[in-house]
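The values are calculated or read from the model by the stated rules, or taken from the named source; none is laboratory data. The shown structure was predicted, so the numbers you read here are calculated from the model rather than taken from an experiment. Note: ideal-geometry Cβ built from the backbone for every residue, glycine included; neighbour counts use all protein chains shown. Side chains are part of the model used for accessible areas, which takes the heavy atoms of the whole protein and leaves out ligands, DNA and RNA. Shrake-Rupley method; radii C 1.70, N 1.55, O 1.52, S 1.80 Å.
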Amino acid sequence: MRSKTTVTVRLPGSALPVPIEDAQRLLAQRISGETGMGAIAGRFLRTLGSHGAECAPRDLDRLGRVAADLITACLAGHHDGAGDRTGGEPPAGPDPRGSLERIDTFIDHNLSDPGLTPQTIADRHHISVRRLHLMFQDRGESVAATIRRRRLEHCHADLARPALLARPIHAVAARWGFGSAAVFSRAFREAYGISPTERRAQARAADRPHPDTP
């Protein structure tokens, strides 16, 4: 008989895609790990439990974010199904593209605000955080991951701009909403495989005039 392995995952309440009271009710019930998102999340967590010790700390950070995204997507999906049965809030409409375009524009215009979060985005657009997460599900990227990626893309570009080569790296990061230089540096390396300092050095080398060849 195959022994069972238990994997425990802790998530802050702010990361949950549903109100914490609803999450507690969902987690008090058995969520099937045989089909759908439950199967995907369950298999990933079992693999992580079996092979996580073999991974480097940097890789574990990435895998932890993937695990969190899978779990929140699974909870959001089950919460949506419960809402359909109990008359709760309905899911996002069948074609929410117009709303997503407005949300994308809002995110782009507010990347410099360190307080930009799924909650503030939902509040600004008069929807629940749960609905916001559901709208992003088909993209394969969470709301928080979208914000982080777009901030990093702007930083990556600014670090190579000739006009900004004298600007301190921490100032470039702060301009795009990173409140911590250490968090920014770690996220940048994970995204691009080099540090912000190395990116800046590459840009300076490319901007340096080359001597004329004889």
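Regarding residue 204, is this residue outside any loop (DSSP other than H, G, I, E, B) and either at pLDDT below 95 or open to solvent by less than 50 Å² (accessible area, probe 1.4 Å) (or both)? When the stated conditions are applied, residue 204 passes them.
If you go through the stretch 178-188 one residue at a time, do you hit one that is exposed (fewer than 14 other Cβ atoms within 10 Å of the Cβ), at pLDDT below 90 and not basic (Lys, Arg)? Looking for residues that are exposed (fewer than 14 other Cβ atoms within 10 Å of the Cβ), at pLDDT below 90 and not basic (Lys, Arg), one finds none in the stretch 178-188, hence no.
Given the options 184, 188, 178, name the one that is aromatic (Phe, Trp, Tyr) and farther than 16 Å from residue 112 by Cβ. I'd like the intermediate steps shown before the answer.
Values: 184 fails: farther than 16 Å from residue 112 by Cβ; 178 fails: farther than 16 Å from residue 112 by Cβ.
Testing whether each residue is aromatic (Phe, Trp, Tyr) and farther than 16 Å from residue 112 by Cβ leaves just 188.
Report yes if residue 112 is modelled with pLDDT of 70 or more, in a loop (DSSP other than H, G, I, E, B), of a type outside the set (A, V, I, L, M) and surrounded by 13 or more Cβ atoms within 10 Å (Cβ to Cβ), otherwise no. I'd like the intermediate steps shown before the answer.
Values: modelled with pLDDT of 70 or more: yes; in a loop (DSSP other than H, G, I, E, B): yes; of a type outside the set (A, V, I, L, M): yes; surrounded by 13 or more Cβ atoms within 10 Å (Cβ to Cβ): yes.
So residue 112 passes the test.
Failed condition for residue 93, given (1) at pLDDT 60 or above; (2) open to solvent by 30 Å² or more (accessible area, probe 1.4 Å); (3) touching a helix residue (DSSP H, G or I) at 6+ places or on another chain (Cβ under 9 Å), with all others met? Condition not satisfied by residue 93: (1). Selection of the stretch 40-65 for residues being open to solvent by less than 90 Å² (accessible area, probe 1.4 Å) and not small (Gly, Ala, Ser) yields 44, 45, 47, 48, 55, 59, 60, 61, 62, 63, 65.
Within the stretch 163-178, work out how many residues are in a loop (DSSP other than H, G, I, E, B) and touching an Asp or Glu at 6+ places or on another chain (Cβ under 9 Å). Within the stretch 163-178, residues that are in a loop (DSSP other than H, G, I, E, B) and touching an Asp or Glu at 6+ places or on another chain (Cβ under 9 Å) number 4.
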